[in-house]
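The values are calculated or read from the model by the stated rules, or taken from the named source; none is laboratory data. Model, not experiment: these values are computed from the prediction. Reconstructed Cβ throughout: ideal geometry from the backbone, glycine too, with neighbour counts over all protein chains shown. Protein only, heavy atoms only, side chains kept; ligands, DNA and RNA dropped before computing areas. Shrake-Rupley method; radii C 1.70, N 1.55, O 1.52, S 1.80 Å.
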Amino acid sequence: MSEVLLEVRDLVKHFPLTQGVLVRRRVGAVQAVDGVSFRLREGETLGVVGESGCGKSTVAKLLMHLERPTEGKILYKGEDIAGLSGRALKSVRRNIQMVFQDPYTSLNPRMTVGDIVGEPFDIHPEVAPKGDRRRRVRELLDVVGLNPEYINRYPHQFSGGQRQRIGIARGLALRPEVIIADEPVSALDVSVQAQVVNLMERLQDEFGLAYLFIAHDLSVVRHISDRIAVMYLGRIVETGTDREIYEHPTHPYTQALLSAVPVPDPSATRERERIILTGDVPSPADPPSGCRFRTRCWKAQELCTRVDPPLAVPVVFAKASGPAAHESACHFAAEEPSATAV
Amino acid sequence: MLLDVRDLRVEFRTREGVVRAVNGVSYSVAEGETLAVLGESGSGKSVTAQAVMGILDSPPARVTGGRVLFQGTDLLRLGEEDRRRVRGERMAMIFQDALSSLNPVLPVGYQLGEMFRVHRRASRKEARERAVELMDRVRIPAAGARAGDYPHQFSGGMRQRIMIAMALALEPELIIADEPTTALDVTVQAQVMDLLKDLQREFGMGLILITHDLGVVADVADKIAVMYAGRIVENAPVADLYKRPAHPYTRGLLDSIPRLDRKGRELRAISGLPPNLLRIPPGCPFHPRCPQVRDVCRVDPPPPLYEVTYAGRDAEAVRAAELMPDDPSALGRASACHFWKETVGE
């Protein structure tokens, strides 16, 4: 097996809620991320799915060191980066880059494409000597499928898909090992989405990149990911290979999520049974006791209100080595025949 | 026919030139029927709907041609006063972004009640009662207690329900929903679409669903109009469109969705970009991106909507594939591609 690049252990991020103007009292906390652990290996794609407020973007920010974790460890090649600062942090950051969701707000409108893509070299001049930068930027534009002649244009002269390519070129500039992509295609039109997904897959093969691919579109995540983590209210509720999650989900939330996805095939729609969840996601400032999904779960029992189910291979499946034997945080984990693949 | 739009044209006059947003769109919706208008950004799907509703900003927008027949009356010829009476009472619209469509400083119950106070001259008390009833109907829990809450106190899904309640208030015959679930999470999206479907069945309304999501359409629509560069490029009953697209653009859209059997392989993306509406390519507007392009596609006039038939095919096989009803004229299919036969036959 290839090397583990990034490992996250029991990551917690609570945003304090305060009251009062002069004397600020802490009245609680938004538990955005609450005990998340996963590993990302060289050259693989880990897909993270979940609905808004599940904490997936906060995880991305923590990995990028844009937020400091409340608790837990983020190990890059075995070294904890959560406490790093200064030069040591800078050198780690070179290897972890980010591609943002919104190609309209993540590029400075007053900088040329050449300056945007070349800006990482200002911070890490050791990667490209000054005289060589224009050439490197042209190469990068070519790699992401943009005409290198466009180097002096401004972001507004490009379409959404092209802008996302610019964002990807910037992410690639320092030859990172890990790219964290937070909803990289969700702002794009369907026909352009496919182009960007293809580009990301090609770049992964070419440069041996590892992706943490955060998205809410389950069909795109399935297409690109080797492994998938499903998040709900600050926790990972189920994780496994793409086949394990999509064909043999055992957590009720995953099952509901998969069955709710509209499938572009009218005949499939008629046949499948859908699980429609009631209610909304509870507030992360006041999550339910025990299992966090229990308030919307049709399987919930008294046990679920008391005991928080750990993320582990459920006992019922532990003996069998089939595809249902993957980590799932549910007391009553079971395969549900009606939950269909996307 | 409830709504019959014929050859509608809309332009925007801008400093850079004339943006031709809608270029001869025709579609129709019957009572109880759901028409999905599918297209990417800039395809003209929302502008068409706004022209039908009569809520285009003009200037810069201008309806330059066509007719909007609502139960036989051409709405484009009505005065503003008559038009307003139709809007709200007989046709209503649901927008994508519920938060910015609601007034943030007024309680939702008051905003819902406004429909009855203005259109029905209801008293405050009566209006409030009706508002609570409506909130109940769109399945907002504890409606009576929540009528006094402000929009920001509701979740995205609940706000969209309030928008639906507002559209339903005066029991209109037609509802236009412009990307009603795009801003919502998947599980909430399913709830809202289900609600919309149920209510439509209950009231027997016509529904125009504007969306870019091929999945949502497959779930709820009876028929689909696919738009590209301000034109309808394909018309079809829902099952036919997915099984056998008759326009290369529709085929490209379906192919660019990640599918199970193509995992680990390249997605078949449509190359290039949607056209700039200031400079729509001559001939077929899709030709610069079309894999089947030939010389005739590059010259004006653009291809007309050809009627798609299954003549020449083995009728038995077609019927077995559930494509053809017993009466072939009832297919209602059309494609604006000179070579639709090749596309359908592939």
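The condition of being of a type in the set (S, T, N, Q) and touching a Lys or Arg at 6+ places or on another chain (Cβ under 6 Å) holds for only one of B:Thr64, B:Thr48, B:Thr34, that being B:Thr64.
Given the condition in the same structural domain as B:Ser28 (by TED's automatic domain parsing) and at pLDDT 90 or above, answer yes or no: does some residue in region B:179-199 qualify? First the steps, then the outcome.
Pass one, region B:179-199, residues in the same structural domain as B:Ser28 (by TED's automatic domain parsing): B:179-199.
Retained after the next criterion (residues that are at pLDDT 90 or above): none.
No: zero hits.
Identify, from the list B:Ser58, B:Ser26, B:Ser46, B:Ser41, the residue that is open to solvent by 60 Å² or more (accessible area, probe 1.4 Å) and within 17 Å of the chain's Cα centre (by Cα). The match here is B:Ser41.
If you scan region A:111-134, which residues turn out to be in contact with a helix residue (DSSP H, G or I) (Cβ under 6 Å, 6 or more places away or on another chain) and not β-branched (Val, Ile, Thr)? Matches in region A:111-134: A:Gly114, A:Gly118, A:Phe121, A:Ala128, A:Arg133. The residue list B:Leu76, B:Leu102 contains one member that is over 30 Å from B:Asn276 (Cα atoms), touching a Lys or Arg at 6+ places or on another chain (Cβ under 9 Å) and assigned by TED's automatic domain parsing to the domain that holds B:Ala165, which is B:Leu102.
Residue-level analysis places A:Arg202 among those that are of a type outside the set (A, V, I, L, M, F, W, C), part of a helix (DSSP H, G or I) and either open to solvent by 50 Å² or more (accessible area, probe 1.4 Å) or touching a residue at least 24 places away in the same chain (Cβ under 8 Å) (or both). Looking across A:Val127, A:Val144, one residue alone is over 24 Å from A:Gln195 (Cβ atoms), touching a residue at least 40 places away in the same chain (Cβ under 8 Å) and aliphatic (A, V, I, L, M). It is A:Val127. Considering only region A:193-241, state which residues are within 11 Å of chain B (Cβ to nearest Cβ) and touching a His at 6+ places or on another chain (Cβ under 9 Å). Of everything in region A:193-241, those that are within 11 Å of chain B (Cβ to nearest Cβ) and touching a His at 6+ places or on another chain (Cβ under 9 Å) turn out to be A:Val197, A:Glu201, A:Tyr232. Considering the conditions (1) in contact (Cβ under 8 Å) with a residue 60 or more places away in the chain; (2) within 10 Å of another protein chain (Cβ to nearest Cβ); (3) open to solvent by 30 Å² or more (accessible area, probe 1.4 Å), B:Val238 is excluded by exactly one of them, (3).
Here A:Arg110 passes the criteria (1) at pLDDT 90 or above; (2) exposed (fewer than 13 other Cβ atoms within 10 Å of the Cβ); (3) within 25 Å of the chain's Cα centre (by Cα) except the one numbered (3). Scanning for something at pLDDT below 90, under 13 Å from the mean Cα position of the chain (by Cα) and of a type outside the set (Gly, Ala, Ser), does region A:201-211 turn up at least one residue? The answer is no; no qualifying residue exists. Screening region A:35-56 for residues that are over 20 Å from A:Glu183 (Cα atoms) and touching a Ser or Thr at 6+ places or on another chain (Cβ under 9 Å) and picking the one that is least open to solvent (accessible area, probe 1.4 Å) gives A:Arg41. The lone criterion from (1) in a helix (DSSP H, G or I); (2) over 30 Å from B:Ile270 (Cα atoms) left unmet by B:Leu69 is number (1). Checked against the criterion of being at pLDDT below 85, out of contact with any strand residue (DSSP E or B) (no Cβ under 8 Å at 6 or more places or on another chain) and open to solvent by 40 Å² or more (accessible area, probe 1.4 Å), the candidates B:Ala321, B:Ala317 yield just one match: B:Ala317.
Output yes when any residue across region B:132-144 is closer than 20 Å to B:Val186 by Cβ and either in contact with a helix residue (DSSP H, G or I) (Cβ under 9 Å, 6 or more places away or on another chain) or part of a helix (DSSP H, G or I) (or both), and no when none is.
There is at least one residue in region B:132-144 that is closer than 20 Å to B:Val186 by Cβ and either in contact with a helix residue (DSSP H, G or I) (Cβ under 9 Å, 6 or more places away or on another chain) or part of a helix (DSSP H, G or I) (or both).
Residues in region B:7-55 that are among the charged types (D, E, K, R) and closer than 20 Å to B:Pro237 by Cα: B:Glu31, B:Glu33, B:Glu40, B:Lys45.
From the list B:Arg128, B:Arg121, B:Arg146, B:Arg139, which residue is open to solvent by 50 Å² or more (accessible area, probe 1.4 Å) and closer than 20 Å to B:Arg90 by Cβ? Give the steps one after another, and end with the answer.
On the way: B:Arg128 fails: closer than 20 Å to B:Arg90 by Cβ; B:Arg146 fails: closer than 20 Å to B:Arg90 by Cβ; B:Arg139 fails: closer than 20 Å to B:Arg90 by Cβ.
It is B:Arg121.
Which one of A:Tyr104, A:Tyr154 is among the hydroxyl-bearing types (Ser, Thr, Tyr) and more than 14 Å from chain B (Cβ to nearest Cβ)? Show your work before the answer.
Details: A:Tyr104 fails: more than 14 Å from chain B (Cβ to nearest Cβ).
Just a single option satisfies the conditions, and that option is A:Tyr154.
Taken over region A:310-326, the criterion of being touching a residue at least 24 places away in the same chain (Cβ under 8 Å) and within 18 Å of A:Cys297 (Cβ to Cβ) is satisfied by A:Leu311, A:Pro314. For region B:151-208, a residue qualifies if it is more than 12 Å from every other protein chain (Cβ to nearest Cβ), of a type in the set (D, E, K, R) and more than 19 Å from the chain's Cα centre (by Cα), and the qualifying residues are B:Glu171, B:Glu202.
The residues of region B:212-227 that are more than 9 Å from chain A (Cβ to nearest Cβ) and either touching a Cys at 6+ places or on another chain (Cβ under 8 Å) or open to solvent by less than 10 Å² (accessible area, probe 1.4 Å) (or both), listed by number, are B:Ile224, B:Ala225, B:Val226, B:Met227. When each of B:Pro274, B:Pro258 is tested for being in a loop (DSSP other than H, G, I, E, B), at the interface with chain A (Cβ under 8 Å from one of its Cβ atoms) and touching a residue at least 24 places away in the same chain (Cβ under 8 Å), the lone residue that passes is B:Pro274. Checking the structure you have, find out if any residue of region A:310-328 is modelled with pLDDT of 90 or more, more than 23 Å from the chain's Cα centre (by Cα) and more than 29 Å from A:Val263 (Cα to Cα). No: zero hits.
Restricted to region A:212-328, the set of helices (runs of 4 or more DSSP H) holding at least 3 residues that are under 24 Å from A:Ser52 (Cα atoms) and either open to solvent by less than 40 Å² (accessible area, probe 1.4 Å) or of a type in the set (S, T, N, Q) (or both) comprises A:218-224, A:242-247, A:252-260.
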